[in-house]
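Undergrad: Sharing a structure with you now.
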Amino acid sequence: MTREEDRELLKAAYEAWESEDWLQAGELLERLVRRHPDHPRAGVWWYDAALAYKFLRNWAKAYELGREAAARADRDAQDPAFWNLGIAATIMEDWATARYAWRGFGLTVPDGDGEIVADFGVTPIRLGPAGNNEVVWAQRLCPTRARVLNVPTPESGRRFGEVVVHDGAPNGERVVNGRTYSVFDELLLFRASTLPTATVHVTAETPEDVRALAALFDEHGYAAEPASGVQLICSCCSEGNVSQDPDHQVGGAQQVNVAAPADEIPRLMDAWRAAAPSRRSWTSPAAN
């Protein structure tokens, strides 16, 4: 292949990139960089090729090409080549490479040989790789994995306690008690939850009664949240700056979404009612 042919190949690759033809862009960039692995721009081409496959959710290729990109990146400089490799390596469950990538980016992760599990704080996650725009709160286990803390609506296709992989690029903000949190988009479901979601109809005289219900489920490793806490907003607003009130419980007749084994729900609901029978009642849940 001549230099002129190389230039045409490079031009075609980035024309495909501009038109978001990620497969064509990735294939052409990989072909070019494998021909010229020592070119001064090779690191950029490896990175862009890996990124194209990330957009395609072809994690095996994103991992393969991402290793090449990271090998040519500067460590401890927050180079995105390390971040994208960290995502791909996590999905491939290559924990040694994931640790190498996060540390190359400049992050501190725990030592070990297996799965990375630590406390990276809480963050809002937009669930569903199809982009259904339901945002829930999650506990970050590593720079790219988080466990869902809320009870998602059935339409989300997700459950309380599930672990999802999320992207590293913020896509919106949530403000709680004056603190701003970045929203990250889910990339895929990493580990499913066995706890089904159900909707219970309750009458609670006070907000404290609803808080007591949530606390009771939490004591047993489950979750209960009033449906009134779900805020319906458009996609455009969801990707902007949204203020949230963490204390959204209200009294009265309402629906409560619960995540627990079906045979546990009546027992817990009866225990909740028995603690204050004059103020509390409930009817059978509808499973989802």
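A short reminder: the numbers here are calculations on the coordinates, not readings from a lab. Treat the numbers as computed from the prediction; the structure is a model and nothing was measured. Glycine gets a Cβ as well: all are built from the backbone with ideal geometry, and neighbour counts include every protein chain shown.
Undergrad: Stretch H36-A118 to full length: gain in nm at 0.36 nm per residue minus the Cα-Cα span? Intermediate results must be reported in sequence, preceding the final value.
TA: On the way: separation 82, 0.36 × 82 = 29.52 nm, distance 4.00 nm.
Difference between extended and current length: 25.5 nm.
Undergrad: At 0.36 nm per residue, minus the direct Cα-Cα distance, what do L216 and E64 gain on full extension? Give it in nm, one decimal, please. Don't skip to the end; give the middle numbers.
TA: Values: separation 152, 0.36 × 152 = 54.72 nm, distance 4.68 nm.
Contour length minus the Cα-Cα distance gives 50.0 nm.
Undergrad: Something else: Compute the angle between helix 95-105 and the longest alpha-carbon principal axis of the chain, please, reported from 0 to 90 degrees and rounded to the nearest 10.
TA: The answer is roughly 80 degrees.
Undergrad: Once phi is turned into ³J(HN,Hα) by the Karplus curve 6.51 cos²θ - 1.76 cosθ + 1.60 with θ = phi - 60°, what whole-Hz value does each residue of the range 192-209 show in order, with x for glycine and proline?
TA: 6, 9, 8, 8, x, 9, 9, 10, 10, 9, 10, 10, 10, 5, 10, x, 4, 5
Undergrad: Tell me the label only: which of (i) 0.94; (ii) 1.09; (iii) 0.97 is Rg/Rh (Cα atoms, Kirkwood Rh) as calculated from this structure?
TA: This structure yields the entry labelled (ii).
Undergrad: Here's a follow-up. May I ask you to list the GluC sites (Glu not before Pro) in the range 1-71 that are in a DSSP loop and have at most 10 other Cβ atoms within 10 Å of their Cβ? Write down the numbers at each step before the final one.
TA: On the way: sites: E4, E5, E8, E15, E18, E20, E27, E30, E64, E68; in loops: E20.
In loop regions of the range 1-71 (DSSP not H, G, I, E or B), the sparsely surrounded GluC sites (Glu not before Pro) are E20.
Undergrad: Let me ask another. Tell me the relative contact order for the chain as a rounded percent, counting alpha carbon contacts under 8 Å between residues six or more apart.
TA: Numbers: 548 pairs, mean separation 34.0, N = 288.
For the chain, the relative contact order is 12 percent.
Undergrad: Still on this structure, I have one more. Give, rounded to the nearest 20 debye, the magnitude of the charge dipole that the range 11-116 has about its Cα centre when Lys and Arg contribute +1 at Cβ and Asp and Glu contribute -1 at Cβ. If you can, show how the numbers build up before the last one.
TA: Numbers: 13 positive and 18 negative charges, 51 e Å.
Here the size comes out at about 240 debye.
Undergrad: Starting from one equal scatterer on each C-alpha and no solvent at all, send me the Debye-based log10 I(q)/I(0) for the range 122-191 at q = 0.15, 0.18, 0.23 Å⁻¹, two decimals.
TA: -0.39, -0.57, -0.94
Undergrad: Say each of A96 and V230 gets a label point 7 Å from the Cα, pointing the same way as Cα to Cβ; how far apart are those two points in nm?
TA: 4.6
Undergrad: Rounded to the nearest 0.05, what FRET efficiency do Q78 and Q254 give with R0 = 51 Å and r taken as the Cβ-Cβ distance? Could you check? Please report the intermediate quantities before stating the final value.
TA: Numbers: r = 45 Å, r/R0 = 0.89.
Efficiency computed from Cβ-Cβ geometry: 0.65.
Undergrad: Identify, among G168, P143, S182, the residue whose Cα sits farthest towards the positive end of the charge dipole of the range 122-191, taking +1 on the Cβ of Lys and Arg and -1 on the Cβ of Asp and Glu, with the dipole about the Cα centre.
TA: P143
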